[in-house]
Amino acid sequence: MKKEGALFFVLIFIISVHSILAQFDPKVASVINQVSSDQLMDNLNYLTGVKPVTVPSGTFSITSRHSNRYTNQIAEQYLKQRLESYGLITTIQYFDGGGGNVIATQTGNKYSQKQIIICAHYDSMPDSDIAPGADDNGSGTSAVLEAARILSTMKTDYTIIYALWDKEEQGLLGSSYYAYLARARNDDIVAVINLDMIGYDSNNDNVAEIHYRNISTSSTIVNNMYLVNSTYQIGLNIEGVFPGTQASDHASFWSNNYPAILLIEDYTLSNGFRDFNVKYHTTDDKIDLINRSYFEKCAKVAIGTLATYAGIQTPASVDLTQPLSFSLSQNYPNPFNSATTISYQLEKESHVKLVVYDLIGKEVAVLVDRVQQPNSYSIYFDAAKYNGGLSAGLYFYTMYSDNFASSRKMLYLK
């Protein structure tokens, strides 16, 4: 979150659910239910240096993501690697000043030219070797990764762009560059959902703000997010803020006449009070200040809104011009500390069993044991939660489906 000195007026949205017919969509509900607080927090462990990451250049702890520190580039490599692990086409968009935006694309099946962007900045403050930036903005970055983990397994009507901006703290440089080029290309951007500081709630009042302005259809995104929160009973107390702050990356899209909003914790002074993370931009913006339940709710409302806009297709409507096959992918990350993700594909409806074995062939975990439709799937495996916590070492995981069986190795490091 970039510093900004101006004050803003708060408009609390009071929308009657009786006057707006919000239709419950079981596919969207399924997406929301897959948002995992365990996964969100584990993402933060890697992004703040609590756990090391392994990238092509070696193994590192991301103790700072400030753009002047070499670990910022490690974070860039790590984020690209994570998004690619979900099968997404991922690129680094470099811009003047040495920054690099991490951009992943999931092409829509019906309206591929129309884009929904979910985004966050990954750089942090202060300019120090220690700048964990857990809330600002590891929280937003983690939620974008979680959106990619879940929705990359599905077919969508619209194209989704998962964008992680660099150098936000130096003046929205990364997002400004992207938005300028998008306007020059005349990209058809339907909605931009920007996440910046969504993990701090010291008084457990679940207040979250949505900042918007009368630019394009930005207010429609606010209404849709409000309805997702209400319809799927997520539990946030949402306040609309108009005119919204320009101190984060959504403002780059406003400047180019694209609809965009900011989802943020209790940032604006209202009735003489705000519950905002006073440790932001300091070396104490650490993971222990994150309110896990609140963080999960913010991620759910953002990802649920994204799913509503993107349009999730049922398995029966999957485009078979790119046929699925039975396959089991290598887990990521590997080696891993505590948790990893295992992905697989099914070419037809099948009973699937996914089992983890130790070195002597003893079954230690059954991750899946049910009939599933043809699609791509990802399973989150936390080794610390099985049998009182598994011992560090080499394990095998095997997928059984119809006449298909495949095994892979994975290394668990405590």
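Numbers below:
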item: Scope region 90-141; condition modelled with pLDDT of 95 or more, more than 20 Å from Tyr178 (Cβ to Cβ) and either out of contact with any Ser or Thr (no Cβ under 8 Å at 6 or more places or on another chain) or not charged (D, E, K, R) (or both); matching residues; result: Met125, Pro126, Asp127, Ser128, Ile130, Ala131, Pro132, Gly133, Ala134, Asp135, Gly138, Ser139
item: Conditions (1) farther than 16 Å from Ile118 by Cβ; (2) at pLDDT 95 or above: number failed by Lys155; result: (2)
item: Segments classed as strands (runs of 3 or more DSSP E), wholly inside region 116-214, with at least 1 members that are within 22 Å of Lys297 (Cβ to Cβ) and among the acidic types (Asp, Glu); result: 207-211
item: Flag if Leu227 is touching a helix residue (DSSP H, G or I) at 6+ places or on another chain (Cβ under 9 Å), at pLDDT below 95 and not hydroxyl-bearing (Ser, Thr, Tyr); result: yes
item: Failed item in (1) surrounded by fewer than 24 Cβ atoms within 10 Å (Cβ to Cβ); (2) over 19 Å from Ser139 (Cα atoms), with Tyr212 passing the rest; result: (1)
item: Residues of region 233-245 that turn out to be under 20 Å from Asn203 (Cβ atoms) and assigned to a loop (DSSP other than H, G, I, E, B), as a count; result: 3
item: Total residues in region 246-276, condition modelled with pLDDT of 95 or more and part of a loop (DSSP other than H, G, I, E, B); result: 10
item: Filter pass, Thr48 being in contact with a strand residue (DSSP E or B) (Cβ under 7 Å, 6 or more places away or on another chain) and either at pLDDT 85 or above or within 30 Å of Asn223 (Cβ to Cβ) (or both); result: no
item: Qualifying residue in region 124-132 (condition: within 19 Å of Asp96 (Cα to Cα) and crowded, with 24+ Cβ neighbours inside 10 Å); result: yes
item: Selection count where residues are touching a strand residue (DSSP E or B) at 6+ places or on another chain (Cβ under 6 Å) and exposed (fewer than 15 other Cβ atoms within 10 Å of the Cβ), scope region 171-190; result: 1
item: Selection status of Glu239, touching a residue at least 12 places away in the same chain (Cβ under 8 Å), assigned by TED's automatic domain parsing to the domain that holds Ser152, within 17 Å of the chain's Cα centre (by Cα) and within 21 Å of Val192 (Cα to Cα); result: no
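The values are calculated or read from the model by the stated rules, or taken from the named source; none is laboratory data. Worth saying up front: this structure is predicted, and the values here are computed from it rather than measured. Please note: Cβ atoms are built from the backbone with ideal geometry, for glycine as well, and neighbour counts cover all protein chains shown.
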